[in-house]
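Derivation of every value follows stated rules applied to the coordinates shown; laboratory data play no part. Predicted model only: the values in this text are computed from it and were never measured. Cβ sites come from the backbone with ideal geometry, for glycine too, and all protein chains shown count toward neighbours.
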Amino acid sequence: MISSELNARFREIRDKVEASERLSLEDGLFLYEPEVSLQAVGELANYMRERLNGNVAYYNINTHLNPTNVCVYRCRFCAFRKDLRDESGYAMTDEQVLERGREATANGCTEMHIVGGLHHQRKYEWYRDLISLLKTNFPQIHLKAWTAVEIDWFRFQTKKSFRWVLEDMQAAGQGSMPGGGAEIFHPEVRDQLCEHKANTPSWIEIHKTAHEIGMKTNCTMLYGHVEKAYHRIDHLMRLRELQDKTGGFQVCIPLAFHPDNTQLSDLKKPSGLMDLRTVAISRLMLDNIRHIKAYWIMLGIETAQTALAYGADDLDGTVRHELIYHDAGAQTPEFLSVEQIKQLIREAGREPIERDTTYNRVIRDANDFTQWHSGESVDAELVTA
Ligand code: SF4
């Protein structure tokens, strides 16, 4: 395409965004063309980000809990899983789980992010009782637990429906669902990455069911491996379609693939430029999902900070005990202090706001940081995308 055609096509897309019109598959593919300036795509995404979320950037104070790394599946991109008899395989005891809860409370965490492997020998009740143990002992901490892959496995174990599993977990104390396991929905890619675990219709159905029972969820896209731009845009459009029906997604997290120690270790990790373009295009395509997260653990601190000017409005949390991406070679620190994450946001020219898992402002006791309560929803004033 010659430069005048390129400029005219970009102007068409800019006009659509400025008029709050939805972008098409062709628009999304055009924005991935290397000759389209990343700077221009970023500025457009930033315009939309500021219209939706102003000048603020969100973070939370959270911890991760991976109850087991033993997994029946062998996803090609996974560096975390272990075989049943692997000496580095583990399954946490109740006391270890409780210790994590005590540590989280002492550090003022508002959220535990709980995901892990699908252990060959642990029954459904082990997973459900873990939720109930935490909720009973630490009722204030929000449990964002189990990806759709795990919910699909629990259905297989119990022979019940997705709804039954989700309602049972909700009764035990699960508050919301993380967005993992989505990877890339298109079968040309998904079948190469993880042909056995929850398929695309199941992933979509599980999130739809969660939304129907009042459970908010997040969504993700794992990019930078064997997929092409077409698969990424197709993926974003499938998320957008479900959001049109339910409105239950809170945030989308584009996840950069990390190849170390995976079956795809011959691939290179995506460049910082690809990361920024994908964050920006996710912002532009997902006109009905309020928040886009730059997950600093995966992107690296500098790229995540820059992404706050390319469409992202959330950095995730301070994080403790992250294993999944560090096993795959992430070079980021194991956690950030509250002051560090606030400083990163301020350096990016944004105002840091602490949120809880479901995007309410967190109000902390001035004399005791570990005491807190949730205030108003940050999404109270909805803006049209
Ligand atoms: S990504 Fe999840 S389901 Fe796949 S092998 Fe790793 S732990 Fe198991």
### Highest average packing first - 247-255, 228-236, Cβ atoms within 10 Å
247-255, 228-236
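Determine the relative contact order of segment 3-377: mean sequence separation of Cα pairs under 8 Å and six or more apart, normalised by residue count, in whole percent.
22 percent
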### Unit charges at the beta carbon, dipole of segment 29-126: most positive-side option, VAL36, ASN46, PHE80
PHE80
### Query
Can you sort LYS159, LYS216 by how many other beta carbons sit within 10 Å, fewest first?
LYS159, LYS216
### Message
Rounding to the nearest 10 and keeping the result within 0 to 90°, find how far the Cα-based axis of helix 338-347 lies from the longest principal axis of the chain.
### Response
0 degrees
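If the only charges are +1 at each Lys and Arg Cβ and -1 at each Asp and Glu Cβ, what is the size of the charge dipole of segment 289-385 around the Cα centre, to the nearest 20 debye?
Roughly 120 debye for segment 289-385.
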### Query
Hey, what angle do you get for helix 162-172 against the long axis of the chain, alpha-carbon based, 0 to 90 degrees rounded to 10?
60 degrees
### Task
Report the full-extension gain for the segment SER20 to GLU125: residue separation times 0.36 nm, less the Cα-Cα distance, to one decimal in nm.
33.1 nm
### Positive-end residue, the chain charge dipole about Cα centroid, Cβ charges, pick of ILE341, ASN107, PRO178
PRO178
### Query
What does the chain give for Rg and for Dmax, in Å, if only its C-alpha atoms count?
20.1, 65
#### Entry: Net +/- balance of residues flanking LEU193 in space, Cβ distance below 10 Å, scoring K and R +1, D and E -1
-1
### Task
Using only Cα atoms, locate the centre of segment 260-295 and the centre of segment 60-137, then give the distance between them in Å, rounded to an integer.
26 Å
### Message
In the chain, once you exclude exposed GluC sites (Glu not before Pro) (DSSP loop, at most 10 other Cβ within 10 angstrom), what's the longest stretch remaining?
### Response
88-380
### Query
Which pairs, out of LYS123/LYS144; LYS82/LYS268; LYS16/LYS216; LYS159/LYS269, put more than 31 Å between their alpha-carbon atoms?
LYS159/LYS269
### Task
Using the Cα centre as the reference, give the magnitude of the dipole from point charges on the C-beta atoms of the chain (Lys, Arg: +1; Asp, Glu: -1; all else neutral), rounded to the nearest 20 debye.
620 debye
## Note on the structure
Note: TYR47 to ASP368 extended length (0.36 nm per residue) minus current alpha-carbon separation gives 111.8 nm
#### Entry: Cysteines without a disulfide-compatible neighbour (Cβ-Cβ under 4.7 Å), the chain
CYS71, CYS109, CYS219, CYS252
### Helix axis angle, 124-137 relative to the chain longest principal axis, alpha carbon, degrees
90 degrees
### Task
Place +1 on the Cβ of every Lys and Arg and -1 on the Cβ of every Asp and Glu in segment 3-377, take the dipole about the Cα centre, and give the residue among TYR230, ALA210, LEU299 whose Cα lies farthest towards its positive end.
ALA210
### Message
Averaging the inverse of every distinct alpha carbon separation and then flipping it gives the Kirkwood radius. What is it for segment 153-248, in angstrom units?
### Response
14.1 Å
### Query
When a footprinting reagent is the concern and you count Cβ atoms within 10 Å, what order do CYS78, CYS219 take, fewest first?
CYS78, CYS219
